[in-house]
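The structure under discussion appears below in the form of structure tokens.
Read the figures in this text as sums done on the coordinates, not as results from a lab. Quick caveat, the model's predicted, so the values are computed rather than measured. As a convention, Cβ positions derive from the backbone with ideal geometry for all residues, glycine included, and neighbour counts pool all protein chains shown.
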Amino acid sequence: MKNKKLADPAILPTMGELNTIITDNVSKLLGPKLDGRFIAVNYPAGFNYGIQHGVNAYYNAATLATLDSVLGVYVDADTGTRLPVLEDERFSTLYDSIIKSSIYKFSNADQDLMNKEDEAAQAQVSNICGAFKDAGYDIPDNPDGGKIAYIIAKIKEVTGTDYLHIDPILYPEFASTCAALGKYAEAAVQSLKLHTAFADATLRLKTASAAVKTPAKANGGLQTDTDAYYVGYSNLPATSDVIDSLNNDKSEISISINIENFSEQSSKLTIDNGVSFTVPVALIFEISVDHESHYDLSKFTEHDSSVSIDIKYPGITIVASNPLALSDDAAKGWYDLNIIQEIAQKSGNDATGYQLFGAEFDPQQLFGAGKQFAKLKTFVISRQPEIQMTLKEVDAATVESHFKTKNSVSVKLFDWITLGHHDNTYSVTNIQSDESEKTVTINLAPPAVSSSAPLGEQVAFVVGGVADYPGAAENSIKISAPEADIVLPLKHGSNTVSVPFLSDNSVGEFLLPYEYDENQKTIKLFAEDLESKDEPKAVLRSGKHKNLNAAVHRLNELITEKACAAGLTTLLRTNPPKLSAKDYTAEQIEIITSVWGGLMTLNPGADFANVIGSSLDPLIDNLPWIRLWEEIYGEAKDCTSHGYPQRVACSDTLIGGHLIPGREAKKIDWGSDQQVFIMPICASHNQRNATYMKALTNQCGIWLNNYHKK
């Protein structure tokens, strides 16, 4: 994102935690209704839900501009915090700039082929150029793609069709040119195909750009006023449907913010009983009453005061953002994903196709997750949040004197999120105070969602959405293996990847099996010496390898390293460990063997939580589990989540905790395929199911197969 300060750096880590909690809550609420991974996004301007309005049903230009926003990432240089934001820049405008900076280019091999064929067919080339000039058209000296491509493109631009299908009655001037092109086709088959491809591609770039620059009814533009159009977006919902969905109180999320330990400069802030932050008081919650008086929490609090702020996002609603695709004949639409993908893949390479030229764009910075060319393909919106603020150990009379029912109020949360701004002002709906208890509760509510409200006030809250990164490479991880780079596509289900090798002067390849779980973001690998006949193994496809097991072992290590760096979890299916009868009973060894899955590696800082009820596991008590972990990884010296969250003081006793990925402790059914794993945690963390943990001092665990198996 452009280098501008959006908020005080001291509050940004708190904003990051808020986004994480909102992301988790929305993902749980909407689940399979989302067409990808949800991310929380900051966009104070909001979403104008009055998509169409008035007797002419014109489209709301403000709504379309929001749908057409570029998705950016604000990166704070001081804290390293990254926050997704919707920018003022239009996605269609950026797309047009990319189109204008692109050409259709020939590879060196294709260019050589064309030169040879054109040289051999020089007589036909001269005849084509002469006939075209006789028809009254000039030819530039050195047109992009060559003279034949220029002539083919010009004929299509004038007639609307290719030279093979021109009506000679309507366009008699092109008869000789088309006849000459026909003879040329017999002598230069491949060259004509390439010239035609260039002509079609150039015309498509030109048409797409024109549709963005001058949207109109004819090219699918959406009418926003008498003589005004916006670029086309398809399948937009009816305003009434959006309003009905926003007014659905059963679809909501909520968060709670608790603030205590007030001083003149700072306070302790916790979101949803999670990690705590020390935050400047002035940045937490700023209130403007009747557009005149401005306060922050220091106005009403003292050291012993506490404040709880409950924020509810009612009417969670999905709105898709689909740019109108450029049709095959280029008559309607403006957006061509194939062009973008080709530009991303071929720019800077010796390849025939669309490529960037010039210095305006760097494809490495333009395409991919977190890069410049991005948008939300799905918006998640809600009614403006409802707020209940409870202040304790305060002068109740003083607080109440500053707030009256029906006061208009604007709120700024975390020095960034503005609620009740402009015409969309909140009101105080209820005040309850108890002077003896020194407690005041204030309810703040936004205007109702209604089509009868003035159009400028029909504003919903943008919670976030599903990101789209057009031109991004296929979701995969790349491994730099000894003989070659290996790319593992992350496709849900069972996969294999071909791995070339050079062993004792023998060139060959083997197939490495792996599985990917899109929902749990997990790669499952298989150890080189796996004894199970039911599990897939690496297979030699060609050549001879003197030590295939060693090669598979090293490749599994490399994949695990890359997967963790990409935020994924890896499961390595291995044989159960060889346990000593001196340390374990025969029954315990049999039990461990039956539930053994293998080894798990989390990405550093990954969230995990307790399995509820694991202490009742009839199979084996806690002590052998920690000893089993130590059989694999060595002595456990620290709690995996040591120091997190701050309010949990780690005890000295370490156990082998039954854990699951994520932030919510759960009871896991017997035999479930849920990832259950063993890692060393302290007794204090083990007893707190309301607290999630992070993989800080250790990322390695034992993966249980058929947890709690009878």
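Among 12, 436, 208, whose Cα sits farthest toward the positive end of the charge dipole of the chain (+1 at Cβ of Lys/Arg, -1 at Cβ of Asp/Glu, about the Cα centre)?
Checked the options; the winner is 208.
For the stretch 137-278, what does the equivalent ellipsoid look like in terms of its semi-axes, each the square root of 5 times an eigenvalue of the Cα gyration tensor, given largest first in whole Å?
61, 23, 15
Go through the chain and flag any cysteine with no other cysteine's C-beta closer than 4.7 Å, please.
Within the chain, the cysteines lacking a partner Cβ under 4.7 Å are 129, 178, 564, 700.
Would you mind checking the radius of gyration and Dmax of the stretch 265-328 based on alpha-carbon positions, in Å?
19.8, 69
Any of 206/346; 312/438; 28/667; 206/478; 193/377 with alpha carbons more than 27 Å apart? Name them for me.
206/478; 193/377
Given 25 °C and 0.890 mPa s, compute D for the stretch 1-78 with the Stokes-Einstein relation, Rh being the Kirkwood radius over Cα pairs; round to the nearest whole µm²/s. Spell out each step's value before the answer.
Numbers: Rh = 15.3 Å.
Translational D for this selection: 160 µm²/s.
So what's the net charge close to residue 412: Lys and Arg +1, Asp and Glu -1, counting the other residues with Cβ under 10 Å from its Cβ?
That sum, taken over residues with Cβ under 10 Å, equals -3.
Tell me the angle of helix 337-346 to the major Cα principal axis of the chain, expressed in degrees between 0 and 90 and rounded to the nearest ten.
That helix lies at roughly 90 degrees to the long axis.
With a sphere of radius 11 Å drawn around the Cβ of residue 219, what net charge do the other residues whose Cβ falls strictly inside it have (Lys, Arg +1; Asp, Glu -1)?
Neighbourhood net charge equals +3.
So how strong a dipole does the stretch 285-367 carry about its Cα centre when Lys and Arg Cβ are +1 and Asp and Glu Cβ are -1, to the nearest 20 debye?
Around 320 debye, computed over the stretch 285-367.
Can you tell me the convex hull volume per residue for the stretch 295-379, based on C-alpha atoms, in Å³ to the nearest whole number?
230 Å³
Taking just the alpha-carbon atoms of the stretch 50-131, what radius of gyration and Dmax come out, in angstrom?
Values for the stretch 50-131 (Cα only, Rg and Dmax): 25.0, 68 Å.
Rounded to the nearest 20 Debye, what is the dipole magnitude of the chain about its Cα centre when Lys and Arg each give +1 and Asp and Glu each give -1 at the C-beta? If you can, show how the numbers build up before the last one.
Details: 60 positive and 89 negative charges, 199 e Å.
Charge dipole, the chain, about its Cα centre: 960 debye, nearest 20.
Could you give each residue of the stretch 365-375 its phi-based ³J(HN,Hα) in whole Hz, using Karplus coefficients 6.51, -1.76, 1.60 with θ = phi - 60°, and x for Gly or Pro?
Listing the rounded values in order: 9, 8, 10, x, 4, x, 9, 5, 8, 8, 8 Hz.
For the stretch 444-579, state what percent of all Cα-Cα pairs lands in each successive 10 Å bin, counting from 0 Å until the bin that includes the largest distance.
Each 10 Å bin holds this share of Cα pairs: 10, 32, 24, 10, 8, 7, 6, 2.
What is the set of long-range amide H partners of residue 171 at a cut-off below 5 Å, with H atoms built 1.01 Å from backbone N?
Under 5 Å from the amide H of residue 171: no residue qualifies.
Can you list residues from other chains, or at least 5 along the same chain, whose modelled amide H is less than 5 Å from the amide H of residue 89?
Residues meeting the criterion, in which the H sits 1.01 Å from N, are 70.
With no solvent and one point on each alpha carbon, what is the Debye value of log10 I(q)/I(0) for the chain at q = 0.09, 0.11 Å⁻¹?
-1.00, -1.24
So who's got an amide H within less than 5 Å of the one on residue 676, skipping anything under 5 residues away but keeping other chains? H placed 1.01 Å off N, in plane.
HN-HN under 5 Å from residue 676: 704.
Project the alpha carbons of the stretch 206-345 onto their principal axes and report the range along each, largest first, in whole Å.
Its Cα atoms span 71, 40, 34 Å along the three principal axes.
Relative to the longest principal axis of the C-alpha atoms of the chain, give the angle of the C-alpha long axis of helix 189-213, reported between 0 and 90° and rounded to the nearest 10°.
Between the helix axis and the principal axis of the chain, the angle is about 60 degrees.
How large is ³J(HN,Hα) for each residue in the stretch 158-172, as worked out from phi by the Karplus curve 6.51 cos²θ - 1.76 cosθ + 1.60 (θ = phi - 60°), to whole Hz, x for Gly and Pro?
6, 9, x, 8, 7, 5, 6, 10, 6, 7, x, 6, 7, 10, x
Based solely on C-alpha atoms, express the radius of gyration and the Dmax of the stretch 386-500 in angstrom.
Just the Cα atoms of the stretch 386-500 yield Rg and Dmax of 26.4, 78 Å.
Taking the chain as the reference, fit the longest principal axis to its C-alpha atoms, fit the long axis of helix 622-633 to the helix C-alpha atoms, and give the angle between the two in degrees, 0 to 90, nearest 10.
Rounded to the nearest ten degrees, it is 40.
For n ≥ 4 DSSP H runs only, could you compute -39500 (n - 2.57) per run for the chain, divide by its residues and tell me the 222 nm figure to the nearest 500?
-8000 deg cm²/dmol
Ratio to report: Rg/Rh of the stretch 62-179, with Cα atoms as the point set and Rh obtained by the Kirkwood method; give two decimals.
Working: Rg = 23.2 Å, Rh = 18.6 Å.
Using only Cα positions, Rg/Rh for the stretch 62-179 is 1.25.
Determine, for each peptide in 128-138, 39-49, the mean count of other beta carbons within 10 angstrom over its residues, then list the peptides with the highest first.
Result, highest mean first: 39-49, 128-138.
What share of all Cα pairs of the stretch 321-364, in percent, falls into each consecutive 5 Å distance bin?
Calculated P(r), rounded to whole percents: 5, 21, 22, 19, 17, 13, 3.
Using the Kirkwood formula over every pair of different C-alpha atoms, what hydrodynamic radius in Å results for the stretch 1-152?
Taking every pair of different Cα atoms in the stretch 1-152, averaging 1/r and inverting gives 21.3 Å.
Can you list the HN-Hα couplings for the stretch 683-695, worked out from phi with the Karplus curve (6.51, -1.76, 1.60; θ = phi - 60°), rounded to whole Hz and with x for Gly and Pro?
Computed from phi, the couplings for the stretch 683-695 are 4, 5, 5, 5, 8, 10, 6, 7, 10, 8, 10, 10, 7 Hz.
Relative contact order, percent, of the chain when contacts are C-alpha pairs under 8 Å separated by at least 6 residues?
11 percent
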